[in-house]
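All remarks here apply to the structure that follows.
The values are calculated or read from the model by the stated rules, or taken from the named source; none is laboratory data. All values derive from a computational prediction rather than experimental measurement. Methodologically, a virtual Cβ is constructed for each residue, glycine included, from the backbone with ideal geometry; neighbour enumeration extends over all protein chains shown. To get the accessible areas, we keep the full protein, side chains included, count just its heavy atoms, and leave off ligands, DNA and RNA. Shrake-Rupley method; radii C 1.70, N 1.55, O 1.52, S 1.80 Å.
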Protein chains: 2
Amino acid sequence: MSKEKEKEKGSKAVATAISPTRTEDYPEWYQQVVKAADLAELSPARGCMVIKPWGYGIWENIQKILDKRFKETGHQNAYFPLFIPKSFLEKEAEHVEGFAKECAVVTHHRLEKGPDGGLVPAGPLSEPYIVRPTSETIIGAMFAKWIRSYRDLPLLINQWANVVRWEMRTRLFLRTTEFLWQEGHTVHATAEDAREETLRMLDVYTDFCEGSLAIPIVRGEKTESERFPGAVNTYSIEPMMQDRKALQGGTSHFLGQNFAKASEIKYLDQAGAEQFAWTTSWGVSTRLIGALVMSHADDNGLILPPRVAPTHIIIMPMVHKVGTEEKVMEYCNSLANELRAKIYAGREVEVHIDRRDLRGGEKMWSWIKKGAPICMEIGPRDVDAGAVFFYRRDQEPGKKANMPRAEFVAKVGEILEDIQGALFRRANNFMMENTRLIDCKEEFYAFFTPKNAEKPEIHGGYALTHWSGESSVEAKIKEDLNVTIRCIPFVDERSPIRALLEGDRAPAVCPFTGKASRGRVLFAKAY
Amino acid sequence: MSKEKEKEKGSKAVATAISPTRTEDYPEWYQQVVKAADLAELSPARGCMVIKPWGYGIWENIQKILDKRFKETGHQNAYFPLFIPKSFLEKEAEHVEGFAKECAVVTHHRLEKGPDGGLVPAGPLSEPYIVRPTSETIIGAMFAKWIRSYRDLPLLINQWANVVRWEMRTRLFLRTTEFLWQEGHTVHATAEDAREETLRMLDVYTDFCEGSLAIPIVRGEKTESERFPGAVNTYSIEPMMQDRKALQGGTSHFLGQNFAKASEIKYLDQAGAEQFAWTTSWGVSTRLIGALVMSHADDNGLILPPRVAPTHIIIMPMVHKVGTEEKVMEYCNSLANELRAKIYAGREVEVHIDRRDLRGGEKMWSWIKKGAPICMEIGPRDVDAGAVFFYRRDQEPGKKANMPRAEFVAKVGEILEDIQGALFRRANNFMMENTRLIDCKEEFYAFFTPKNAEKPEIHGGYALTHWSGESSVEAKIKEDLNVTIRCIPFVDERSPIRALLEGDRAPAVCPFTGKASRGRVLFAKAY
C-alpha cells in the first residue's frame, strides 16, 4: 500500500478511533482508551488488574522520577511485610475503623483435600493476618524498635509495594482491589519538623504531576471529613479530569503523635528525657495512570507526556516497494541510533522501530491509540531526501510534518519538550476555564446540576466558594449534589487558582449558612 | 581521639567484630552478620522479614542490573495479581501438589465486631484466594487471552513482585514466608525456541552472579526429584557457600506444554492450524542476598562486591582537632564530588560522607561490618598532604593505604574493579579447593561425614560422582547423609569445574550400584 493510501485511510479513521467519544459517554470512553492503549485489564481475581507492558512502562517511569526525588530529599527505601497481624491494625482506633470494612483476611496457611476431594483451607492461624491496606501500624512497630535517641531522627523511609483494599466497584487504575504505590513513613523529633516534611512531600508530588505528568494541580488541606483515618492533617493534590471532576492524585499526612503513641515510637531527647516522636506518611499510586489518561487522552486514544512515555518515538519503515527494504532499514536503524544517543529530561531518547507485518494505517493508528509522542513513517523518498516524515500526538492526526533528518535529530529534545509543554497548557487552560468563584447558593447548585439528565456526568467543574467550616454543610451538599470539598486550597505563587482570586472582593460569608468564612474552599465532584 | 589511638583500637577489635566466627558456629555467624550489617530483621508477621535500607539498597542494585539484561534480551515488565483463585492453582496437578502445603489462604474480605467486641473475619469469599507462591497459573490465564496467532509469539514477560510460601522454619533471606523476586514467563511457538529461552536466562543468571555478585557458579540441570512442580526440565545455578554447602541461587524451567494445556495457551500457526504453545519460567529472589553474605562475608562482617554495593566509598572526616573542621569538610566535599563524577560499571561512584557524632573506631567498624568496599579517614594531615588514607574491605582491617588524592580519583574505577575481581577469585578458589571427583562409595560417605560431631555443618564440599540415574539412589544418599544431587552439571568452556574433569579417565560407573553412568553429577548438602 502506498503512503498516500495509508494517509487517506488514516484521515478517514480520525473521528472514530475511540468509541464512544468523551461527550458521548465519558466513563465508557475511559475504559475504551485504557483498552485501546493496551494499558491494563481486569484479571480473574476479582477487582485486581493486570498491568500490561505499555501501562507498566509508564509506572516504571513514574517510579524512576519519584524515587530519584525521594532520595534527593533524604529518604531511603526499605521493605516491610505484606501481612499485618490483626492486633496491629487495631492499635489505632480511627485507623482500624477506616480499613476493617474492606480488607483481605488471611485465615489459613495451607490447602488440603476436603471431604468431596477438592482442596479446602487448612491450618487455621491463631491470629488472622490482614493483607496491608497501608503500613503505618507494622512500620510503626519496627520504627519503635529502631529509634532510641534524637540522634536516630529524622528517620526517612519509603516503600514501593502492592496494597489491597477490597473494593466492590472497581475501575482500572482508579479503584482496584490491589494496586501498586509508594508509601513514605517518617519520624521526627518535633511537630514542626514533621509538618515541614508533610508539606515538602506534597510539593514533591505537585512538582512531579505538573513537571512530569503535565497535570496542573490545586493543592491544599483536606477537611476533617476527608482526612486519612488517624491523621491530624491530610493534604492532597487535586487535578481536574476532562469531565470536570476532581481526582485525588496523592496525599501527605501529618500524623501528629497518634501513631507514635499507638506504636510506642519514643526517643530520648538531648536532655535524656523520653519523648513520643511525630510521624508523617504520604503516598501516590497507580491511580496516577488513570489521572494521566483522563487528563490528556482524546477521542483517538491516549496522549502521553514525553517525560513518562515508555517510548518517545516510533519509527515505521515503509518497505513495500520492491528493492527498497535494505536502504530504508539502514536509514531507520542509523536514525534510531542517532536519536538514542540524545538525552531528554535525564533519560535516553527511547526509539522503537515497528517492523510488524501490518498495514501502515493500522500500524500508525495502534500507536496513536497508545499515545506515543512522535510517530514517523520512513519510506524510500524520505531516505533519498535525507528527511523524516512525522506526526506529533499532541496535534491533529492529519497534521504531519517533513523535516531534514539532521534538523530533527538536533531538535528532538526541544520537540519533545514542546509536546510536554503543550499538554500542560491545554490541561491548565481546561481547568481554569472550568473553575469559578461562586458566591450564591443557587448559582452553586446550578453549577453542579447536569444540564442534560442523560449525561449526569457533565456539570460545571470546580467551585471556589466560602464555607462556614461546619461538617453539616459539607454533608448536606454531598447529599444534594454528590459534591465534596476537595481541599482548602493553598493560594501561593505556584497555585494555578491564584490569578482567579486576585480581584476577589466578595465578602467572606458562607452562602449556605450566611455565617462567616475563613476563606474559599474547593468544591467539586470527585473520583 | 587521635587517628593513632583509633587505629590501635581498630586493630584490637579485628578478631571479634562478629561473634561467633564462621568456624565457631556457622549458622549463628550468618545471623549475626545480617544483623551487624543492618540488612534485615524478622517482623511481627511470622516468618516475614523487614528488609532494611542497606539490604534493600543491595536489592535495588540487583534489580537494576538484571532488569537491564532482561530488557536487552527482549523482555518487557508487566504486573499480575497478588491473588490466585484456588481453582487456578488446581489446573496443573503437580503444581498444586507442590504449593498447596505452604500457602497463605484469603478467605474473608472484611473484619467486623465479634460477640466479645474484638474484630473477627467477615464477608466470606465464595472461592478462597491464594496469595501467589508463583504465578504460572494466573499469568497463563492472561496469556491464553492475549495470544491469537504465531505473530504474537514469542511473548516475553517479566514481573518484579512479592510472593508467599508459608515456611515453618525461616532464616533471613534464605527462607522466609514472604520474599521479593522476579519471575519471567515466556511463550513460544516451538519447543526449540522455548528450550533456547530457558538456557538463555540460565546464562543471564550465571553472568549476573559471576560478574556482579562475584559468586562463581556451577550450572546444570536438576534431576527429576528436584524439578519445579509442573516443569519438564529445571535448570539451576548452584554456588558454594563458605560452609561448603550449595545454595540454589536461581532456576529456569522449560515447562513444555504442561502449563499451556492447563491454561489453554493456543495459537494459530502459519498454516492456520491451532497449536498448543510452549512456555518457560525463571526466577531469582532476595535469597541472592543470603548467597552474597555467605559467599563473601568474613568474621568482621559483610564484604560487598562493588557492583552491587549501595555505597562504594565512605568518607569519615576527622575533625576533632580545633580549627580544622572547615578545611577538612571542604576537602571531603570536593573529593566526594570528584569521585561522584566518575562512572564505575555503568553507575556513578556512590560516596557517603559519614558525619555521625561517633568515635572514629566505632564509626569505621560500623562500615566494616556493613561491608562498604572502601572506607576513608580524612584528617587535617591528609588535607595538607593532598592525600587520601583508605582501607579496602577485601583486605585485612589493619592494612590501610595512603595515596595522593589525584591518583586515587583517577584510579577509583580500577581499585573498585580490583576488589570485585579479588572477591570472585577468593570465592572461586574456595569452591575449587572443596570440589572433588569421587569414585568410591566409602570415600563419598567419608567426604560428607562431619569430622567433628559438634560441628555437623563442616564436611567436604562438592562431590562430582557418577550416578546410575536411579531416583532410589538419590533417596538413599539423601536419607543417609542429607546430601542431594544439586545438578547434572554443564561442563562447557565457562564451567569452573571443567579443569577438574580434564584428566578424568575414571570409568563411567555409578559407585553406589555398579551400574553404568551417563556422567558425573554434582552431589552436595544444600540450603
Measuring from its Cα centre, the protein assembly as shown shows a charge dipole (+1 at each Lys and Arg Cβ, -1 at each Asp and Glu Cβ) which, in debye to the nearest 20, is 260
Residue separation between B:E454 and B:E224 times 0.36 nm, minus their alpha-carbon distance, gives in nm 79.4 nm
The FRET efficiency for A:E60 and B:A475, from their Cβ-Cβ distance with R0 = 41 Å and rounded to 0.05, is 0.35
Applied in sequence order to the stretch B:498-515, the curve 6.51 cos²θ - 1.76 cosθ + 1.60 (Karplus, θ = phi - 60°) yields integer Hz couplings, x standing for Gly and Pro, of 4, 4, 4, 8, 5, x, 5, 10, 4, x, 7, 10, 6, x, 8, 10, x, 7
So, over other residues within a Cβ distance under 12 Å of B:G47, counting Lys, Arg +1 and Asp, Glu -1, the net charge is +2
Taking the label point 7 Å from Cα along the Cα-Cβ vector, the copy-to-copy distances for A:L437, listed from shortest in nm with one decimal, are 9.2
Straight-line reach check, B:K327, cutoff 28 Å on alpha carbons, 8 or more apart in-chain or any other chain, hits among lysines -> A:K71, B:K3, B:K5, B:K7, B:K9, B:K342, B:K363, B:K399, B:K400, B:K411
Env charge @ A:G249, Cβ radius under 12 Å, K,R +1 / D,E -1, value +1
Pseudo-spin-label distance A:D384 to A:K399, built 7 Å along Cα→Cβ, given in nm, is 3.0
The local net charge around A:A463, scoring Lys/Arg +1 and Asp/Glu -1 for residues other than A:A463 whose Cβ lies under 12 Å from its Cβ, equals +4
Here the equivalent ellipsoid of chain A, derived from its Cα gyration tensor, has semi-axes (largest first, whole Å) of 43, 30, 24
So, with points 7 Å from each Cα along the Cβ direction, the B:S87-B:N482 label distance in nm works out to 4.4
Percent of all alpha-carbon pairs of the stretch A:435-524 at distances over 15 Å, whole number, is 58
Between A:K222 and residues 5 or more places away or on another chain, the pairs with built amide H atoms under 5 Å apart involve A:T234, A:Y235, A:S236, A:I488
Rounded to whole Å², per residue accessible area for the protein assembly as shown with a 1.4 Å probe reads 39
With R₀ set to 22 angstrom, the calculated FRET efficiency between the beta-carbons of A:R151 and B:L42, to the nearest 0.05, is 0.35
The orientation-averaged projected area of the Cα convex hull of the stretch A:264-331, in nm², is 10.9
Accessible-area loss of at least 40 Å² in the complex relative to the chain alone (1.4 Å probe) applies, within the stretch A:34-59, to A:E41, A:P44, A:A45, A:V50, A:P53, A:Y56
Judged on accessible area alone, 1.4 Å probe, highest first, A:R355, B:R494 line up as A:R355, B:R494
Inter-copy distances for B:K35, label 7 Å out on the Cα-Cβ vector, sorted ascending, nm, one decimal, are 5.7
Which of B:K101/B:K451; A:K245/A:K441; B:K35/B:K525; B:K86/B:K113 exceed 30 Å between C-alpha atoms? The answer is B:K101/B:K451
Label points for A:E326 built 7 Å along Cα→Cβ; distances to same position in the other copies, nm, shortest first, come to 7.1
In nm, the gap between the two label points placed 7 Å beyond Cα toward Cβ at A:C440 and B:K261 is 7.7
Gyration tensor on Cα atoms of the stretch B:112-184, a ≥ b ≥ c root eigenvalues, a/c under 1.5 rounded, else prolate if a/b beats b/c, else oblate, says oblate
For B:Q248, other-chain or 5+-apart residues with amide H closer than 5 Å (H placed, Pro excluded) are B:Y527
Expressed in angstrom, Rg and Dmax over the Cα atoms of the stretch B:240-365 are 25.6, 85
To the nearest 20 debye, chain A has a Cα-centred charge dipole, built from +1 on Lys and Arg Cβ and -1 on Asp and Glu Cβ, of 720
Rounded to the nearest whole number, the per residue volume of the convex hull around the C-alpha atoms of the stretch A:313-431 in Å³ is 105
Counting only residues 5 or more apart in sequence or on a different chain, those whose built amide H sits under 5 Å from that of B:A40 are B:K52
Computed on Cα atoms, Rg of the stretch B:386-498 relative to 2.2 N^0.38 Å comes out at 1.62
One finds, for B:Q76 and A:E417 with R0 = 41 angstrom and r their Cβ-Cβ distance, a FRET efficiency to the nearest 0.05 of 0.95
Here, trypsin sites (Lys or Arg not before Pro) of the stretch B:366-475 satisfying both criteria (DSSP loop; at most 13 other Cβ within 10 Å) are B:K399, B:K451
If every Lys and Arg gets +1 and every Asp and Glu gets -1 at its Cβ, then about the Cα centre the stretch B:435-524 yields a dipole, in debye to the nearest 20, of 100
In cubic angstrom per residue, the convex hull of the protein assembly as shown built on its Cα atoms measures 221
